[in-house]
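Okay, structure first, notes after.
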Amino acid sequence: MFAIVDCNNFYASCERVFNARLRDRPVVVLSNNDGCVIARSNEAKALGFKMGDPYFKIRELAEQHGVTVFSSNYTLYGDMSSRVMETLRPFSPEIEEYSIDEAFLNFAHVPVDQLTAHAGEIRRTVKQWTGIPVSVGIGRTKTLSKVANHIAKKRPGTEGVFAIVTEEERIDTLDTFPIGEVWGIGSRWAASLARHGIATARQYAELPDDWIRRTMNVVALRTAWELRGESCIPLELAPPPRQSITVSRSFGRRLSTLEEIQEPLIAYISRAAEKLRQERMVAGHLLVFLHNSPHAKNEAFYGPSLGTNLPHQSSDTAELIRHACPMLARLHRPGLAYKKCGVILSDLSPEGQAQPGLFDQLDTDRSSRLMQALDRVNAQHGRNSLVYAGSGLAREWAAAAAMKSQHFTTNWQQVLHVRA
Ligand SMILES: [Mg+2]
């Protein structure tokens, strides 16, 4: 048996934990640079706000309805996510952290007649310890647990828990479940299945294996087996090793000169190198890219990139900056209004296993002590307390985040104040 625990409206729920006035009120969270809607409370969904709605289009309507709008606060959401995951650990010997707001749990140890009670206990505990509401779906396979979770969220009277245990429950549930909502199918397959008259998960599960393999693929076949109750997607207990680290963001306003763009580039490299060191990795390849707006009226799209193999694998911020800046200079063309740049670190190896360069002149010991000191200062005093001057101090290029909440759980200066 598998359970999936999924946080309800996760980003919106995180914001509510620290603002009791928002309980039962419409809340939406915007993407980077206050672009478009990426999370909605149930009340905001009921008002008709959709995922992906551009903010400038819904701004007035949101004001009319008293919707509270937030810029995204990934520091808060990431930390709340790890609190939810920690809370789940005692409930199962095996947990797969599937995404920032979802985890699969092995439920094999739970007696069948206690499945929903155990799930209810998880819901209560996560709510009490973290303030985040969750829904739990239970099934014989991961795919069936995802179906059950969907129902736990949508169907009134489920109390946030739904289990598909018996054969009768499985058939009953799949009989009315739209195939497009099934995990791993998606709207593209659903559209082509509809042309063959297949609309429900039950119809799909009853298709011959041969037909699915011929018309679709092996992954889709696995989904059919899972819907039949045959588990073939195991829990992934160790996350696959990381292949690359990307840091890339839109600027708050258009930037034009090389000097202007160099600042955010250095800031993004600093962040990427910090992530690299957090994971105790070093990178051997560095790629830099930038582009103007694809929708610009007066200029053609220009979005080049340039990569280079580093002389030795490294996680030293200064070393990466030294290689990135000349690449940016080669990519930059004057006169364009740039919207975004970014950096991708790849060819990653665990620290200590790195191949030293043949003519390696870098004092790696000194470098790693310097980086440790940098990371320690920033851990203690908050991110960006100590930065490379090249990233600028005013950071006028930073993306708009006009409605961002505080870092309630990760910065002592920003903890919630409660007045007696
Ligand atoms: Mg969710």
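The values are calculated or read from the model by the stated rules, or taken from the named source; none is laboratory data. Model, not experiment: these values are computed from the prediction. Cβ atoms come from the backbone with ideal geometry, glycine included; neighbour counts cover every protein chain shown. Side chains included, ligands, DNA and RNA excluded: accessible areas come from the protein's heavy atoms. Shrake-Rupley method; radii C 1.70, N 1.55, O 1.52, S 1.80 Å.
Computed quantities for the displayed model
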| quantity | calculated |
| --- | --- |
| Test for Arg89: is it touching a strand residue (DSSP E or B) at 6+ places or on another chain (Cβ under 7 Å) and of a type in the set (Lys, Arg) | yes |
| Helices (runs of 4 or more DSSP H) (entirely within the stretch 38-157) containing at least 3 residues that are open to solvent by 70 Å² or more (accessible area, probe 1.4 Å) | 42-46, 55-64, 74-88, 115-130 |
| Subset tally (residues that are within 10 Å of the ligand (Cβ to nearest atom) and on the phi > 0 side of the Ramachandran plot) for the stretch 1-39 | 1 |
| Positions within the stretch 40-60 being among the acidic types (Asp, Glu) and either out of contact with any Pro (no Cβ under 9 Å at 6 or more places or on another chain) or within 16 Å of the ligand (Cβ to nearest atom) (or both), in sequence order | Asp53, Glu60 |
| Residues of the stretch 245-295 satisfying the condition of being part of a helix (DSSP H, G or I), among the charged types (D, E, K, R) and farther than 24 Å from Ala373 by Cα | Glu259, Glu260 |
| Hits in the stretch 113-126 (condition: without any contact (Cβ under 8 Å) to a residue 60 or more places away in the chain and of a type in the set (A, V, I, L, M, F, W, C)) | Ala117 |
| Members of the stretch 223-244 found to be within 18 Å of Ile179 (Cα to Cα) and either of a type in the set (D, E, K, R) or out of contact with any Lys or Arg (no Cβ under 7 Å at 6 or more places or on another chain) (or both), listed by number | Thr223, Ala224, Trp225, Glu226, Leu227, Arg228, Glu230 |
| Number of the exception - Ile261 against (1) in contact with a strand residue (DSSP E or B) (Cβ under 6 Å, 6 or more places away or on another chain); (2) open to solvent by 60 Å² or more (accessible area, probe 1.4 Å) | (2) |
| Every residue from the stretch 1-36 that is surrounded by 23 or more Cβ atoms within 10 Å (Cβ to Cβ) and of a type in the set (Val, Ile, Thr) | Ile4, Val5, Val27, Val28, Val29 |
| Residue in the stretch 67-79 that is more than 17 Å from Met403 (Cα to Cα) and polar (S, T, N, Q) present | no |
| Hits in the stretch 158-183 (condition: open to solvent by less than 40 Å² (accessible area, probe 1.4 Å) and polar (S, T, N, Q)) | Thr158, Thr173 |
| Residue within the stretch 19-37 that is basic (Lys, Arg) and without any contact (Cβ under 8 Å) to a residue 12 or more places away in the chain present | yes |
| Test: residue in the stretch 373-386 that is within 24 Å of Glu263 (Cβ to Cβ) and of a type in the set (Val, Ile, Thr) | yes |
| Check on His150, more than 13 Å from Val165 (Cα to Cα) and within 12 Å of the ligand (Cβ to nearest atom) | yes |
| Looking only at the stretch 73-103, and only at residues there that are among the β-branched types (Val, Ile, Thr) and under 25 Å from Asn32 (Cβ atoms), the one that is nearest to the ligand (Cβ to nearest atom) | Ile100 |
| Count of the stretch 283-314 residues which are closer than 30 Å to Arg366 by Cβ, at pLDDT below 95 and crowded, with 20+ Cβ neighbours inside 10 Å | 2 |
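Okay, residues lined up against (1) among the hydrophobic types (A, V, I, L, M, F, W, C); (2) at pLDDT 90 or above; (3) open to solvent by less than 60 Å² (accessible area, probe 1.4 Å):
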position	(1), (2), (3)
Ile321	yes, yes, yes
Leu358	yes, no, no
Leu362	yes, no, yes
Leu374	yes, yes, yes
Gly382	no, no, yes
Trp412	yes, no, no
